[in-house]
1. Give the number of residues within the stretch B:367-381 that are touching a strand residue (DSSP E or B) at 6+ places or on another chain (Cβ under 6 Å) and under 11 Å from residue B:348 (Cα atoms).
2. Among B:305, B:285, which is the only one that is out of contact with any helix residue (DSSP H, G or I) (no Cβ under 6 Å at 6 or more places or on another chain) and part of a loop (DSSP other than H, G, I, E, B)?
3. What's the total number of residues in the stretch B:382-391 that are part of a loop (DSSP other than H, G, I, E, B) and surrounded by 13 or more Cβ atoms within 10 Å (Cβ to Cβ)?
4. Being modelled with pLDDT of 90 or more, within 11 Å of chain B (Cβ to nearest Cβ) and under 30 Å from residue A:12 (Cβ atoms) narrows it down to one residue among A:201, A:194; which is it?
5. Of the residues A:244, A:234, which single one is within 12 Å of chain B (Cβ to nearest Cβ) and without any contact (Cβ under 8 Å) to a residue 12 or more places away in the chain?
6. Pairs please, first residue from the stretch B:511-540 and modelled with pLDDT of 90 or more, second anywhere and among the hydroxyl-bearing types (Ser, Thr, Tyr) and crowded, with 21+ Cβ neighbours inside 10 Å, Cβ atoms under 6 Å, 6+ apart in sequence or on different chains.
Amino acid sequence: MQATPIRADWPAIRAADAFRIAMPRTPIGGRSGERLGSGTGSSLEFQDYRTYAPGDDLRHVDWAAYARSDVLNIRLYREEVAPRLDLVLDVSRSMVVTDDKARGYGALAGLLACACARTGADVRIITSPANAPRPLTRPEDIEQLLVCDAAASAIEAAHLPLRRRSLRVVVSDFLFPHDPDALTNRLARDGAWLALIQLTLRDEAEPDVTSGTHLIDVEGNGELDMVLDDRAIRDYRARFSRLRSGLSTGARRIGARFAYVPADRSVRDMGRALAAAGVLESA
Amino acid sequence: MTFATPLGLIALAAIPAIVAIHFFRRRFPPRTIAGLFLWQTGRHLPEGGGRIDKLPITMSLLLECLAALALSLILAGARLSSASDARHLVVLLDDSASMAARSAGGDRPRDRGVRRVLSEIDRLESTGRVTLIVSGERPAVIAGPGVLPAAARSALERWQPRATHHALELGLRLARELAGRSGRLMIVSDTTPAGRGEAEVPGALWVAAGQPLTNVGIIAAERTIVPEQGRGSVVLTLGNYSDAAQTRRLRIVAGDKEVSSTQVSAPPGVSTLKLPLAAGLPTVRVGLEDDALVRDNEVVLVEPRPNLVAVENRLPEGRGHDALNRAIAALSNVTRSESGHLQFLPAESLETPPPPGVWRAAFGRPPARLVGNGTLQDFIGPFVLEKRHPLLSGVTLAGVVWAGALPLASSAGRSIVSVGDRPMLTELPGSADAPTVLFNLDLERTNLIRAPDWPILVSNLVELRRQGLPGPERWNYRIGEWIRIRLGREPKAPLRMRIGELERTLPPGRTIELVAPASGGLLEILEGQERLFEIGVNFLDEAESDLRAGAAGVSGAFVDTAAGTRGESGPWSDPLFWILLTTAAAAILTNWCVPAVERRIA
């Protein structure tokens, strides 16, 4: 467990930096940019016709159609926008419960920061429901925000400073009691797109049978003496599986993406896993 | 290690109890996780009770057992070695001044004795007990009873012998009482028991730390004055305790001024030296130059102020009158006065009440109220004398014809001299401040006035009266002598005495009585802030000045007993108590803190 910012392995991240955030197929909002927006703009992609009205740009009059129908119609094109992207990072102590998990979290956050930069989006980082989101200008700046000393995840909060019509990427281990449907609905509300990324250790997902263990919750939610026998492990795996499938189902139900990333994988493998889940796409 | 309360060892049962608790308690290795809620189910532990596992030897188990052990030992009163039955060494230190005599090398019997005592103390265990007693007319405990060696060492360092010659018997008695049946008794002196005139002390170790030394000291001193001639003198008795004549420089200092400095030669043995001294000088210090014993080299002498007794002779002219005049004329410090301190008068005049403070000696036929039935008779003896009465000191009445004695009434007074049942010399009842003595005697017919007893009787009367006058009986005393000073009135302010650094309050009264302090020097009697009298108190001790009997050696031996004396202080006097207490406290605190730290680290 550490309270200092996580140090990401930037050489490894740069080596695997070949992704960007996968955009949804539906139009999205945002400032003028490079991605197709939901409104009418000046891109080259045709969108629709409408009847000419005084003041319309005569360059967009479809003269061929006027010759055929003697009606003045205007060709409408899609607008190009820079999407708003809210990257929600869980900075609770559970994200750094071991060094492996902290290292994996740093790699994942760095990879997502690079992907956000390649996307050309207006990226804001949210780590706390109380603090204002922080813009991400350089991928390396994300390190400063990865101080995992909170007693609870920001995702558990009833309200997060998410922007309307924003793309949302939520990174957490989701190891807190929750209702998956309610959680995904809350995170997706008024958003354009949502991706949930669950980062856990392999040992958290599939613990091994051991002898009696004094379990201590890293976020101070109690302690428990327990014999980790076959039955206990089986029960735990079942509950963890239900938690993950609940999140997956909840995300699928609202058209969001869900990706499970083991913390002890390499950055490249993490990128592939996220791409396979539709969270990232090749740049 | 011994135990004061062995029953406290029952508390050791706590150790197996702790082991049992650890044995049956599950204490799993800690593991920090995220998402404890995923583990929480209704069944935390396997059903059917705990498995019998190997006892986990944890830090907590060790610390708890250690704390229980330490606390149990405290309850059992554990002490190092034989602390509860500590050896008790009782040392009687000869406080006589000869213990301070310096040899040519500068070493003193006191120093050698102290070293020997310290070596005995060092042999004691750290919890041993020591009692130090200094001998004297009134022995005193200077350390103890039963103090730890450290306290005894500091008391030994402070001890400086200075007392006059005395027997060790009282100190020995006190030492034996304090030693009881278990303590070891040790006597430190500057000579052997035989050399000190003491019997061997069975069961005690006698350490003689002295050595024979030559010494010249002042063993008696007197300052006289002849007021009429305006001159005085200092008479010194010197003791030369060597085989050859010794020459010493003798200095007389009055205040800060040296009055005389002369070279005196003292032959072996005792010699007397008379030095003239002007009258009216203040207190003088007469000192010999230093030798083996410093204490006997100096005396403080106060100029005596003689109490003049005013005598009035009212006897009728005749043989008796003349004989009295002759006897008075032979006495010193007596003056004639018509209203004197002492009145000689015919017995018929006794009906007249005396003036205040006037003593009376009546001769002849007493008043009728004092006379019994019978006729005048003369007696040649045998005379029965009240020998304890100071008036009869030196009086024998041998060959005396006591003429004209009348029978006296039984209520006439206390008979001092009598023949058969007839009183010859009677102390009449009356005021204690102005007694009256009746000589039932016809001075004209008796031969008493020609007998040697006559001037003695008159002198005794005068001296008795002189003793009743205000002021000290003498002006220079030896250490330990009783000093009596008559004030002659009630004190107007609190009375105090001061001698050197010592100052103490005296009980109020018309008479001051005190023992000349052992420190010696100039004694001042103060009434409030007013100095009433100055008295010289001197160490004049022939026995202590004679250092030739000094000897070294050890005689006798300790009687070893199995048991020592019990420590009188509590268990905290034993270092083991504090070691155990610290261990227990440290173990409890560590057991409290370490698991929390381990948990945080994990």
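1. The qualifying residues number 1.
2. B:305
3. Matching residues across the stretch B:382-391 total 3.
4. A:201
5. A:234
6. Close Cβ pairs (under 6 Å, with a partner that is among the hydroxyl-bearing types (Ser, Thr, Tyr) and crowded, with 21+ Cβ neighbours inside 10 Å) amount to B:537/B:477.
Yes/no per residue for (1) modelled with pLDDT of 85 or more; (2) in contact with a Lys or Arg (Cβ under 7 Å, 6 or more places away or on another chain):
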{"position": "B:102", "(1), (2)": "yes, yes"}
{"position": "B:117", "(1), (2)": "yes, no"}
{"position": "B:123", "(1), (2)": "no, no"}
{"position": "B:126", "(1), (2)": "no, no"}
{"position": "B:152", "(1), (2)": "yes, no"}
{"position": "B:173", "(1), (2)": "yes, no"}
{"position": "B:196", "(1), (2)": "no, no"}
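Listed here are the residues, each with its yes/no results for (1) farther than 20 Å from residue A:109 by Cβ; (2) within 14 Å of another protein chain (Cβ to nearest Cβ); (3) within 19 Å of the chain's Cα centre (by Cα); (4) hydrophobic (A, V, I, L, M, F, W, C).
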{"residue": "A:157", "(1), (2), (3), (4)": "no, no, yes, yes"}
{"residue": "A:164", "(1), (2), (3), (4)": "yes, no, yes, no"}
{"residue": "A:182", "(1), (2), (3), (4)": "yes, no, yes, yes"}
{"residue": "A:215", "(1), (2), (3), (4)": "yes, yes, no, yes"}
{"residue": "A:222", "(1), (2), (3), (4)": "yes, yes, no, no"}
{"residue": "A:248", "(1), (2), (3), (4)": "yes, no, yes, no"}
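The values are calculated or read from the model by the stated rules, or taken from the named source; none is laboratory data. Computed from a predicted model, the values in this text were never measured in an experiment. Positions of Cβ are backbone-derived with ideal geometry, glycine not excepted, and every protein chain shown enters the neighbour counts.
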